[in-house]
């Protein structure tokens, strides 16, 4: 069962004096890339929170947001009175204004507020971890739903590729006969005497270069392998990507050997289907 790297999860926990919100967003990426926005008070727990994400999400560009809203009387910020008064004195020497206006301006200046760094309450942090687990559960569920949509599309593309491959197989004898006739006609147009046996040997040798039997067999095997990997228990985006490359290699070889316009048209359609698979593959975990 494949899983998308696109997802969203959110959980809110209400404590006696504050509301804490955990938000997780993820997009596709070759590796795991976590961008954390966490208040300074909780920075000491960032590595642990990152590990919780890494253990479950594995890969993708993940944005973590931890937001705290004070709903009670609790606050860790105080006015730095000495600094504010100094700012007011300096501002008064630059521009005229009453004390209230000068204070409003001073409070916007750097270091006007001081924050005491408090140790995180363990009960509070326990609630934060619970919120994180809930958000992770949500984002994984989201990724699974997106993965089902991707899988449905992949199955449809594989079906189309198999149909096109069957058309290639059915057309192959006609293609070889057409190539043989074209060569025989070209020799006849030369109006020269040729050794029939030698010509037949050369013709067989030439036609062998255009034989696509092995490519047809390998392509069928790769398509079956892609489908079985798609249905495996774990999401194997990178593995599916490697198989898609092999599928492309066989399609390209068939196209280069075809030497027959109707078959080359089928090859173009196969390339189009494979390209759509590769575009979607970028989002598979």
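The values are calculated or read from the model by the stated rules, or taken from the named source; none is laboratory data. As the structure is a computational prediction, the values presented were derived from the model and not from experiment. So basically every Cβ, Gly included, is an ideal-geometry build from the backbone, and we count neighbours across all protein chains shown.
Out of the residues in segment 40-49 that are over 25 Å from residue 3 (Cβ atoms) and touching a residue at least 12 places away in the same chain (Cβ under 8 Å), which is farthest from the chain's Cα centre (by Cα)? Step by step, filter segment 40-49, then rank; the result is 41. Restricting 240, 203, 219, 223 to those that are in contact with a strand residue (DSSP E or B) (Cβ under 8 Å, 6 or more places away or on another chain) and in a helix (DSSP H, G or I) reduces the list to 240. For segment 202-209, the condition of being out of contact with any helix residue (DSSP H, G or I) (no Cβ under 7 Å at 6 or more places or on another chain) and at pLDDT 95 or above holds for none of the residues. Of the residues in segment 128-135, not one is in a helix (DSSP H, G or I), surrounded by 13 or more Cβ atoms within 10 Å (Cβ to Cβ) and at pLDDT below 90.
Somewhere in segment 10-17, is a residue assigned to a strand (DSSP E or B) and surrounded by 16 or more Cβ atoms within 10 Å (Cβ to Cβ)?
Among the residues of segment 10-17, at least one is assigned to a strand (DSSP E or B) and surrounded by 16 or more Cβ atoms within 10 Å (Cβ to Cβ), which makes the answer yes.
Of all the listed residues (232, 228), the sole one being surrounded by fewer than 16 Cβ atoms within 10 Å (Cβ to Cβ), in contact (Cβ under 8 Å) with a residue 12 or more places away in the chain and either over 18 Å from the mean Cα position of the chain (by Cα) or assigned to a loop (DSSP other than H, G, I, E, B) (or both) is 232. Exactly one residue out of 179, 140, 149 is surrounded by fewer than 15 Cβ atoms within 10 Å (Cβ to Cβ), touching a residue at least 60 places away in the same chain (Cβ under 8 Å) and assigned to a helix (DSSP H, G or I): that is 149. Among the residues of segment 186-200 satisfying the criterion of being in a helix (DSSP H, G or I) and loosely packed, with under 10 Cβ neighbours inside 10 Å, which is modelled with the lowest pLDDT? Here the residue is 190. Can you pull out every residue in segment 50-70 that is in a helix (DSSP H, G or I), touching a residue at least 40 places away in the same chain (Cβ under 8 Å) and out of contact with any helix residue (DSSP H, G or I) (no Cβ under 6 Å at 6 or more places or on another chain)? Correct list: 53, 57.
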